[in-house]
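Read the structure below first, then the notes.
The values are calculated or read from the model by the stated rules, or taken from the named source; none is laboratory data. Small disclaimer: the values here were computed from a predicted structure and weren't measured. Here the Cβ is made from the backbone with ideal geometry for all residues, glycine too, and neighbour counts use every protein chain on show.
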Amino acid sequence: MTVKYHKGKFPPASLDWKRLIPLIGPANAALARFDGVLAAIPNALILLSPLSTQEAVLSSKIEGTQATMGVVLEYEAEGDPSLFSPEKTADIQEIINYRSALMGAAKRLDKLPLSQRLFRDAHACLLEGVRGHNKTPGEYRRGPNWIGRPGNQVDEARFVPIDVQDLPAGMSTWEKYIHAKELDNLVQLAVLHAEFESLHPFLDGNGRLGRMLIPLFLFQRTILSAPVFYMSAYLEAQRDEYYDRLLAVSRDDDWTGWCIFFLNGIEQQAVENTKKAKTIIELHHREINRLGDLTRSHKSAKAVDFFFNRPIFRAADFVSQSKIPKPTASRFLKVFRDKGVLKVVKEGTGRRSSVLAFGELINIAEGRKIM
């Protein structure tokens with residue numbers, strides 16, 4: 001059965017707060033604990049940058065891309081797309097664009113509030129030079145759109161978003177609700193996310209933009225001190241329920257069921273993000289001490305910062321860009337390779353420099369040992 005957009009039912013007329021209140025406190029508390037970790041980090045965006053890449057990977061994976069975080073980082077380290085297949089390059093570039101669009105939108109929040117303009121600009125960045133670049137980047141769709149299996153026609157679709165003639169008014173109502181006063185910020189965010197996905201304002205990229213909304217909203221509302229809350233791991237793991245709950249909003253007017261799913265996800269992801277962030281911080285402190293002992297040099301702290309910002313890199317880039325004297329940087333690389341601090345991804349050949357990885361950090365971001 002095809003489900004159509006819930007015209008006239010946003011914002012929801014009523015929510016079952018008795019069912020939501022027991023979940024609101026734990027979700028907010030889990031976010032507060034995560035923000036306590038963020039607030040203690042002077043350079044959270046850099047130190048936790050592997051988590052932003054992993055979020056881009058997982059959010060794009062929900063839409064069908066197949067690249068891993070390691071492959072994305074290797075691609076960026078190599079700087080040569082010809083070393084990768086066209087299909088892999090296309091997947092990787094979509095992930096890089098997602099990360100750039102999110103970080104770019106976050107930087108603009110001090111001058112521009114969450115708004116249609118911000119999301120249109122983020123959409124233009126998301127589709128720049130990738131599959132879908134011909135789908136009017138930065139502009140709302142001008143025709144019908146539907147969600148279903150490849151090749152399905154509208155009468156076979158699983159979901160049909162708002163009619164195109166009603167889209168401008170629908171987006172205006174959505175934008176006004178961003179700045180409305182609600183009983184709870186997280187419930188408001190849940191409703192905003194579901195509505196954006198239901199409106200489906202663009203021809204492509206709607207799912208990724210809807211997930212970007214989550215850290216941007218939490219950051220703008222000062223619930224978090226940095227826009228680094230990433231929820232795609234939970235949504236990807238619960239993909240079927242994610243889509244079913246969104247569908248039930250339009251089919252059954254079940255906003256409360258969706259909000260319950262979302263609040264549970266916020267809490268679970270906040271707990272997981274807190275664990276990962278603490279582990280990364282502990283690794284940073286530990287490596288500064290360990291590499292200092294290995295090199296007998298205070299400059300090893302700059303090496304650690306470089307590895308956290310670029311967990312996979314070319315040896316030549318470390319030597320030229322780490323702000324460590326070149327002879328010292330070269331000596332560091334030899335020591336770190338010999339002691340197993342760095343893994344060799346690809347040995348150098350001819351003029352091509354070796355590609356190295358700070359594997360322990362990548363394993364933390366991935367949540368499993370891959371290096």
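The single condition among (1) within 20 Å of Asp254 (Cβ to Cβ); (2) surrounded by fewer than 22 Cβ atoms within 10 Å (Cβ to Cβ) that Gly210 does not meet is (2). The number of residues in the range 123-136 that are free of Cβ contacts under 8 Å to residues at least 60 places away in the same chain and either under 20 Å from Tyr177 (Cα atoms) or not in a loop (DSSP other than H, G, I, E, B) (or both) comes to 2.
Within the option set Arg141, Arg120, Arg99, being in contact (Cβ under 8 Å) with a residue 60 or more places away in the chain and either surrounded by 14 or more Cβ atoms within 10 Å (Cβ to Cβ) or under 22 Å from Thr173 (Cβ atoms) (or both) holds for one residue only, Arg141. Here is the figure for the range 216-230: residues that are hydroxyl-bearing (Ser, Thr, Tyr) and without any contact (Cβ under 8 Å) to a residue 40 or more places away in the chain total 1. Only one entry in Arg158, Arg149, Arg142 is touching a Lys or Arg at 6+ places or on another chain (Cβ under 9 Å), at pLDDT 90 or above, assigned by TED's automatic domain parsing to the domain that holds Val249 and not small (Gly, Ala, Ser), namely Arg158. Any idea how many residues of the range 296-326 are farther than 17 Å from Phe358 by Cα and of a type outside the set (A, V, I, L, M)? Residues in the range 296-326 being farther than 17 Å from Phe358 by Cα and of a type outside the set (A, V, I, L, M): 8 in total.
Scanning the range 137-167 for residues that are assigned to a helix (DSSP H, G or I) and touching a Pro at 6+ places or on another chain (Cβ under 9 Å) returns Val154, Val164, Leu167.
Do we have Arg310 as within 32 Å of the chain's Cα centre (by Cα) and crowded, with 19+ Cβ neighbours inside 10 Å here? Spelling it out, Arg310 is indeed within 32 Å of the chain's Cα centre (by Cα) and crowded, with 19+ Cβ neighbours inside 10 Å.
Name the pairs whose Cβ atoms lie under 7 Å apart, with the first residue in the range 18-32 and assigned by TED's automatic domain parsing to the domain that holds Leu183, the second small (Gly, Ala, Ser) and in a helix (DSSP H, G or I), and 6 or more positions between them or separate chains? Qualifying pairs under 7 Å: Ala30/Ala270; Leu31/Ala270. Report, by residue number, each residue of the range 144-170 that is loosely packed, with under 14 Cβ neighbours inside 10 Å, touching a helix residue (DSSP H, G or I) at 6+ places or on another chain (Cβ under 7 Å) and in contact (Cβ under 8 Å) with a residue 60 or more places away in the chain. Selection gives nothing. Taking residues in the range 69-83 that are free of Cβ contacts under 8 Å to residues at least 12 places away in the same chain, and partners anywhere that are part of a helix (DSSP H, G or I) and surrounded by fewer than 21 Cβ atoms within 10 Å (Cβ to Cβ), the pairs with Cβ atoms closer than 8 Å and at least 6 places apart or on different chains are Pro81/Thr89. Of all residues in the range 50-90, those that are within 13 Å of the chain's Cα centre (by Cα) and closer than 20 Å to Val344 by Cα total 2. Checked against the criterion of being crowded, with 17+ Cβ neighbours inside 10 Å, among the hydrophobic types (A, V, I, L, M, F, W, C) and more than 27 Å from Thr53 (Cβ to Cβ), the range 227-239 contains not a single residue that satisfies it. All conditions but one from (1) surrounded by 17 or more Cβ atoms within 10 Å (Cβ to Cβ); (2) modelled with pLDDT under 90; (3) among the aliphatic types (A, V, I, L, M) apply to Ile370; the one that does not is (1).
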